[in-house]
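Chemist: Quick one: the structure is below, and I'll ask about it shortly.
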Amino acid sequence: MYDGGKIIAGLIIGIGLLMSPFFYNAGKAAKAPERVLTEKAKQAKECILDKAQMTASHFKLLDEWRHTVVRDGQRYYKRADGKVLYKSLQVTCMDCHSNKANFCDQCHNYMAVTPYCWDCHIAPEEKK
Amino acid sequence: MAKVTTPKPKELSNIEHSPPLMKGWMNTPAEIRPGIYCYASKPKNLEVLGMPYPKEWNPEDDDWKLPENWKEIIEKGFKDRLDRFRSFKLFMDICVRCGACADKCHFFIGSGDPKNMPVLRAELIRSVYRKKFTKGGKIFGKFAGARELTEDVLKEWWYYLYQCTECRRCSVFCPYGIDTAEVTIIGRELTNLLGLNIDWIAAPAANCFRTGNHLGIQPHAYKDMLDFFVDEIEDVTGVRVDYSLNRKGAEILFVTPSGDVFADPGTYTAMGYLMLFHYLQSQGLDITWSTYASEGGNFGYFTSHETAKRLNAKMYAEAKRLGVKYIIGGECGHMWRVLNQYMDTFNGPADFLEEPVSPITGTKFENAKSTKMIHLVEFTADLIKHNKLKLDPSRNDHLKVTLHDSCNTARGMGFLEEPRYVINSVCNNFYEMPPNTIREQTFCCGSGAGLNAGEDMELRMRGGLPRANAVRHVNEKYGVNMLACICAIDRAALPTLMDYWVPEVQVTGVHEMVANALVLEGEKERTTDLRGNPLAGMEEEEDV
Amino acid sequence: MNFILSIIVSSLAVVILVLIPWIGVGALDLKVIFGVLVPYAAMATFFVGIVVRVIDWGRSPVPFRIPTTAGQQWSFPWIKSSPIDNPKGTLGVVVRMIFEVLLFRSLFRNTRLEYRRASDGTPSVNYEWEKWLWLAALVFHYSFFVIFLRHFRFFMEPVPGFVKLLESLDGFMQMGVLPLNGFGLPGVYLTDMLLMLAVTYLFLRRLYVSQTRYISLPADYFPLFLILGLGFTGILMRYFIRVDITAVKQLAVGLFKFNPTVPDGIGVIFYIHLFLISALIAYFPFSKLMHFAGIFLSPTRNLSNNSRFKRHINPWNYPVKVHTYEEYEDDFREAMVEAGIPVEKES
């Protein structure tokens, strides 16, 4: 091989950077978050929408609520099955999910998501 | 062979740059057209160099008299070259066909033939590479851009490899630096394995090998020419210049392309060299010409790296035999590409020579301390900078000059400012062509790399169109009437090109203008330039 | 092969690449194969393939110094040289390479031929401004790079700071305002849009410019379509057919920790996205995409123009037959003597 030193060094740097996720994660716990439901949430058995939808798209629902409440003054949400809910993050959502740290933040931190909910809303005081 | 007529400029300029819409290039075999191709190499010329498979053949015939195992020969030659040249291997692999090079080639601009796009010229070879040497090509065939090597493909190679002047303009624009010259050089090596050269390369290469210069001029005839120049110079200047030939013990060996000695207007450049050397004699210049190394140009380079090395070897051999300290090279294009990028590696180390130092100014040419070979224009620029030449630039006032950067010195060396400095010192009217056509983006004369024959005149006029177009621009805008260059092929090719496209413009070497301006000791009042044309303000006296 | 056939073939190939995981996971539930085995195989092919290819390049020497000199050589102190375009040493080469790799300097020189012919047949050759290819190429490569780095939030736990920074810069445009309630949630990334735009441009340019249309192979359309598919599935997944991304991250981190898990709750769309990127990286070492590594080795760019003052050795240099002076003099001695040219031997 010719210019072997330079070529191998280049390969090591290049491949090393591309493989950095392997090195970065090695030896780290990297525990996946587990959603913790409060007793109240468990008892409720159902959320606004079904669980898969809530997991993947809760922010969409919240955004819709925000718009319709703030701009249109519509405070009530009629679900497909006819059940009417009061549109409020703090009053409705956080009523069951009062454990923000374990319910919201865990996953948001895991995925490096920074929702702007709490720019305006006051996070509930958590009961230890 | 029927006489080939070249279309008139106004017909030839009817060029379509859009390739066919529906028919792909792989299904379009090359149509070998008179006026475009150069005649086949004659067997006697290949024999002189010991090249394989010398034979009489005609590119227009179906039968190219290939050896039975020609495919094996190509395949083996291909493999060898992949193993020897990283450039070749890499350039086979990494092209993304972005098309940046496509409209940069003078042959594509002038012909519209899509296979003259640098990318496609290389694809002709790449397609075979993929079939032979890559898994994808073997499995997916045409879908991976691969195809079998057939006789049609080989003919297509030959036809288009000898329509490339190795000018490297495309490589300036390629985002990966893919250099079609490199592909052409190696592709031509492959065709030479089967005895498929063109005679305008094979004959000069054979001549260079045996007689020392590409025209096959024997030593005494060479001397006759120099003597003739001495007479001519005396007619114009009244001074009889002195020169020496094959002289042992000289300090410097001078090597220039033989075209300067034997073909107008290069001959005027050669007179320029003689006058400059004579002028400097009294200041301590001790220089000799050589008949053995009487060719700076290297026609081997258009054949193969090996042949290039064989021909180039003469310069160091002669320098050693004569016992000189270093070598000065004349105005030549590809000669300087070889000298700059190959010579030391080919035939060095030149440890029997010394690092070049100008005997007149004492300037050390540090940029040549390994090859020990400097460019005459460098040498002259240094003299002018140090005020060692008495110059009267007004003696070039009848000229309005522009400079054609030779492809090889521009893109294989970066020799851009030195000639401009010299020209601006010896003449008062210098105008640049548009920036897209000079310096590193300069356009080829259209006849380089061995294509300066008569039978491919149409190709040459097409290839030279972009250059001629730029010359016409400055001709119309500033009245430019003289195209300067530092290349012997240019001096041979450009006059024809100018006659065809811009008949008002003539061609000169830089040292011809230096000599016009150079005030020799004891000279008579000059009324004409070296060509016998009246100087500005002298027209009337001439008429008497 | 004409361009229509090339496009059909390469788009068909991408369609098949979409269908394989769709059927494999959607119908046959082969999650372990498509979530674990395929990505591992693809990564192995990618890394091994690149190393093998680059080392293969390295096994061929660079016998001659052949830099393309795109500027004034280094000569006299009073002549300004171009240390970058015509480098005389390592520093210049490094800068030149940085410009090439990071800014596509050579492509920036691009122009467009404008050929006209006057009514009397006089031709005129002109060069017009043409930086679109350069711009699209630059936008494409940087967008791809940023998107790749942003994906590190799936690859690394905890997520490193630079990824968060990149995300906030890339997503600075907050969408989802009237009249498009809910559109662009979660935040829209600039690079997503730029990538899709640039790839679409590069594809259309191939078709629109008659010369590139003629030279393009299926191998040129295929990666473009693959990357379009990759971007399209990614956008679908983010905005329209959402999946549980914490589960996706578990899968990804599992792969990088050599402790693969296949959590539930990940929709087929993710497996299609994963399969397409696997196909892209597995294809990488065998394709023109190797220009990524090749640019670093290009002898016309990574060599300095110093061969007149520094000696270089060709490792396979071999002796050749030359025509010696003695042979030459033997041929012409008589004539030389007669002409008064000095000779070594008088007879």
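The values are calculated or read from the model by the stated rules, or taken from the named source; none is laboratory data. Model, not experiment: these values are computed from the prediction. When we count neighbours, we look across all protein chains shown, and the Cβ atoms used for this are built from the backbone with ideal geometry, even at glycine.
Chemist: Suppose we keep only residues that are buried (at least 20 other Cβ atoms within 10 Å of the Cβ) and over 18 Å from C:LEU12 (Cα atoms) within segment C:214-236. Which one would you say is nearest to the chain's Cα centre (by Cα)?
Modeler: C:ILE215
Chemist: Now for a separate question. Where residues in segment A:16-75 are surrounded by 14 or more Cβ atoms within 10 Å (Cβ to Cβ) and basic (Lys, Arg), which of them is nearest to C:PRO39 (Cα to Cα)?
Modeler: Per the stated criteria, the residue is A:ARG35.
Chemist: Okay, moving on. Pairs under 9 Å by beta carbon, first residue not assigned by TED's automatic domain parsing to the domain that holds B:ILE328 in segment B:350-367, partner outside any helix (DSSP H, G or I) and aromatic (Phe, Trp, Tyr), six or more apart or different chains?
Modeler: none
Chemist: Tally time: how many residues in segment B:153-200 are polar (S, T, N, Q) and in contact with a Ser or Thr (Cβ under 6 Å, 6 or more places away or on another chain)?
Modeler: Of the residues in that region, 3 qualify.
Chemist: Next up: It is to be established whether one or more residues within segment A:23-32 are under 17 Å from C:ILE295 (Cα atoms), at the interface with chain C (Cβ under 7 Å from one of its Cβ atoms), touching a helix residue (DSSP H, G or I) at 6+ places or on another chain (Cβ under 9 Å) and modelled with pLDDT of 90 or more.
Modeler: So far as segment A:23-32 goes, no, none of its residues is under 17 Å from C:ILE295 (Cα atoms), at the interface with chain C (Cβ under 7 Å from one of its Cβ atoms), touching a helix residue (DSSP H, G or I) at 6+ places or on another chain (Cβ under 9 Å) and modelled with pLDDT of 90 or more.
Chemist: If C:LEU17 satisfies every condition in (1) within 20 Å of C:LEU251 (Cα to Cα); (2) in a helix (DSSP H, G or I) but one, which is the exception?
Modeler: That leaves (1) as the condition not met.
Chemist: Here is a list of conditions, (1) within 14 Å of chain C (Cβ to nearest Cβ); (2) at pLDDT below 85, and A:GLU126 meets all of them except one; can you say which number that is?
Modeler: (1)
Chemist: Something else about it: Can you name every one of the helices (runs of 4 or more DSSP H) wholly within segment B:253-329 that holds 2 or more residues which are away from chain C (no Cβ under 14 Å)?
Modeler: Where helices (runs of 4 or more DSSP H) fall fully within segment B:253-329 and carry at least 2 residues being away from chain C (no Cβ under 14 Å), they are B:259-262, B:266-281.
Chemist: Out of the residues in segment B:12-31 that are facing chain C (nearest Cβ under 7 Å) and outside any loop (DSSP other than H, G, I, E, B), which is nearest to B:CYS101 (Cα to Cα)?
Modeler: Among them, the one singled out is B:TRP25.
Chemist: Continuing with the same structure: Please work out if B:PRO34 is assigned to a loop (DSSP other than H, G, I, E, B), within 27 Å of B:ARG126 (Cα to Cα) and not aromatic (Phe, Trp, Tyr).
Modeler: yes
Chemist: A further question on this structure: Report the residue count in segment C:133-158 for those that are surrounded by fewer than 17 Cβ atoms within 10 Å (Cβ to Cβ) and closer than 18 Å to A:GLY27 by Cα.
Modeler: Selection size over segment C:133-158: 1.
Chemist: Let me ask something else. Could you identify the single residue in B:GLU75, B:GLU68 that is free of Cβ contacts under 8 Å to residues at least 40 places away in the same chain, more than 14 Å from chain C (Cβ to nearest Cβ) and either touching a Pro at 6+ places or on another chain (Cβ under 6 Å) or more than 29 Å from B:HIS214 (Cα to Cα) (or both)?
Modeler: It is B:GLU68.
Chemist: Go through B:PHE209, B:PHE262 for me and flag whichever is assigned by TED's automatic domain parsing to the domain that holds B:LEU353 and under 25 Å from B:GLY323 (Cβ atoms).
Modeler: So the residue among B:PHE209, B:PHE262 that is assigned by TED's automatic domain parsing to the domain that holds B:LEU353 and under 25 Å from B:GLY323 (Cβ atoms) is B:PHE209.
Chemist: Continuing with this model, one more query. What number of residues within segment B:199-236 are within 16 Å of the chain's Cα centre (by Cα) and outside any helix (DSSP H, G or I)?
Modeler: Residues flagged as within 16 Å of the chain's Cα centre (by Cα) and outside any helix (DSSP H, G or I) within segment B:199-236 amount to 3.
Chemist: A follow-up question, please. Being touching a Gly at 6+ places or on another chain (Cβ under 6 Å) and part of a helix (DSSP H, G or I) is the filter here; which residues of segment C:20-54 pass it?
Modeler: The answer is C:PHE34, and nothing else.
Chemist: Based on this model, can you work out whether C:THR200 counts as among the hydroxyl-bearing types (Ser, Thr, Tyr), modelled with pLDDT under 95 and under 21 Å from C:LEU138 (Cα atoms)?
Modeler: Taking the combined requirement at face value, the residue does not satisfy it.
Chemist: Now for a separate question. What number of residues within segment B:193-242 satisfy the criterion of being polar (S, T, N, Q) and within 14 Å of chain C (Cβ to nearest Cβ)?
Modeler: 4
Chemist: Another question about this same structure. Restricting attention to segment C:71-104, which residues are in contact (Cβ under 8 Å) with a residue 24 or more places away in the chain and either in a loop (DSSP other than H, G, I, E, B) or within 8 Å of chain B (Cβ to nearest Cβ) (or both)?
Modeler: Listed by number, the residues that qualify are C:GLN73, C:TRP74, C:ASN86, C:PRO87, C:LYS88, C:GLY89, C:GLU100, C:PHE104.
Chemist: Moving to a separate point now. So, B:SER282, is that one of a type outside the set (Phe, Trp, Tyr) and crowded, with 22+ Cβ neighbours inside 10 Å or not?
Modeler: When the stated conditions are applied, B:SER282 does not pass them.
Chemist: Just to check your reading of the model, which residue among C:PHE284, C:PHE275, C:PHE270 is part of a helix (DSSP H, G or I), under 18 Å from C:ASP56 (Cβ atoms) and more than 8 Å from chain B (Cβ to nearest Cβ)?
Modeler: Going through C:PHE284, C:PHE275, C:PHE270 in turn, the sole match is C:PHE284.
Chemist: Mind listing just one residue for me: the one in segment C:159-197 that is modelled with pLDDT of 90 or more and loosely packed, with under 11 Cβ neighbours inside 10 Å and, of those, farthest from the chain's Cα centre (by Cα)?
Modeler: Only one residue tops the list, namely C:GLY161.
Chemist: Can you spot a residue in segment A:37-52 that is under 30 Å from C:GLY254 (Cβ atoms) and at the interface with chain C (Cβ under 10 Å from one of its Cβ atoms)?
Modeler: Yes, that holds for at least one residue.
Chemist: Would you pick out the residues in segment C:59-70 that are of a type outside the set (D, E, K, R) and more than 7 Å from chain B (Cβ to nearest Cβ)?
Modeler: Passing the criteria: only C:PRO67.
Chemist: Out of the residues in segment C:116-173 that are among the aliphatic types (A, V, I, L, M) and in contact with a strand residue (DSSP E or B) (Cβ under 8 Å, 6 or more places away or on another chain), state the one that is farthest from the other protein chains (Cβ to nearest Cβ).
Modeler: C:ALA118
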